[in-house]
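Worksheet for the structure shown next.
The values are calculated or read from the model by the stated rules, or taken from the named source; none is laboratory data. None of these values were measured; they are calculated from a predicted model. Cβ placement follows ideal geometry from the backbone for every residue including glycine, while neighbour counts extend to all protein chains displayed.
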Amino acid sequence: MTGWISRWLAAASVAAILGTGCGYSEEEMQVQRDRVDQLTNALNALEQKHGGLQQEFDKLAAANSTLNDQLQRMGMSAEDSKRRESELKNLIEQLRDKERQDQARLATFRNMLERFNKMIQSGKLRVRIVRNRMVVELAENILFDSGKADLKPEGEEALTEVASVLASIGDRHFQIAGHTDDVPIKSRRFPSNWHLSTARAVTVTEFLAGHGVNSERLSAAGYAETQPVSSNDTPEGRAQNRRIEIVLMPNLDELPDLSALDTSK
């Protein structure tokens, strides 16, 4: 309400009072005048407050308009901005989930290293990280005689210790992988290094399953000479390539979601 309206109301009220002044004493008329002044002051205060609020509203409207102009120049609408913000929040939450998974995996790695420390120090096995997977490696000469797939007593003793550790990790799967050097083998039982490496992997897998490790969490694979860890040009290098690896497999929630590629839907 503008100032002239409040002044008009005040004047009208005074006129009304004065127009009937014959019925009022001077004291009563002064009371009425005071009431008119109070009303006028109250209206003026409301006008000032309204004017201040209007200025704030105008500032906010101008800021919003400026923001929308900036978004439009960037090729974005307010809806686009909200969608981007929502996508960013989802990405942050995914990163947090992955961080929690990574921390849990590291905790498992540390626990296994601590449990295997005695065997590592004695030279019975070594632990490596290959393609972000923990690999427990046992040399051939501890487990098998050359060209054989039957465990030696020393190998059974080592694998008994390994089994006690693996059995205590209840939420992981393990692949037992057999590897050879590049020297061909050709015997009645093993026509090739593929047969030898696979037979050794199966032998170790069966032993672990028989010593407390859940067989549903075990698998076996033979790689022959296809994945060397050292050169086959020296006896020492070939000895390193002849090995059994126990690979700690990733859980399903650690793998990327490939459902979008499923063509059967």
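You will find that of 92, 120, the residue that is aliphatic (A, V, I, L, M), more than 30 Å from residue 187 (Cβ to Cβ) and exposed (fewer than 11 other Cβ atoms within 10 Å of the Cβ) is 92 and no other. Can you confirm whether residue 155 is of a type outside the set (S, T, N, Q) and part of a strand (DSSP E or B)? No; evaluated as a whole, the condition is false for this residue. Taking every residue in the range 225-236 that is in a loop (DSSP other than H, G, I, E, B) and pairing it with any residue that is of a type in the set (Ser, Thr, Tyr), at least 6 positions away or on another chain, the pairs with Cβ-Cβ distances below 6 Å are 225/180.
Residues that are farther than 18 Å from residue 241 by Cα and part of a helix (DSSP H, G or I) are absent from the range 176-194. Considered as a group, the residues in the range 180-197 that are β-branched (Val, Ile, Thr) and touching a residue at least 40 places away in the same chain (Cβ under 8 Å) include one that is farthest from residue 239 (Cα to Cα), and that residue is 183. Restricting attention to the range 117-135, the residues being under 18 Å from residue 156 (Cβ atoms) and in contact with a helix residue (DSSP H, G or I) (Cβ under 7 Å, 6 or more places away or on another chain) number 3. In the range 202-216 there is at least one residue that is crowded, with 19+ Cβ neighbours inside 10 Å, over 27 Å from residue 110 (Cβ atoms) and β-branched (Val, Ile, Thr).
Rundown of residues vs (1) closer than 30 Å to residue 248 by Cα; (2) at pLDDT 75 or above; (3) in a helix (DSSP H, G or I); (4) more than 19 Å from the chain's Cα centre (by Cα), yes/no style:
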| residue | (1), (2), (3), (4) |
| --- | --- |
| 14 | no, no, yes, yes |
| 22 | no, no, yes, yes |
| 32 | no, no, yes, yes |
| 39 | no, no, yes, yes |
| 69 | no, no, yes, yes |
| 87 | no, yes, yes, no |
| 92 | yes, yes, yes, no |
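Scanning the range 200-213 for residues that are more than 15 Å from residue 246 (Cα to Cα) and over 36 Å from the mean Cα position of the chain (by Cα) yields one hit, 210. Applying the set (1) closer than 19 Å to residue 138 by Cβ; (2) without any contact (Cβ under 8 Å) to a residue 60 or more places away in the chain; (3) crowded, with 19+ Cβ neighbours inside 10 Å to residue 242 leaves exactly one unmet item: (2).
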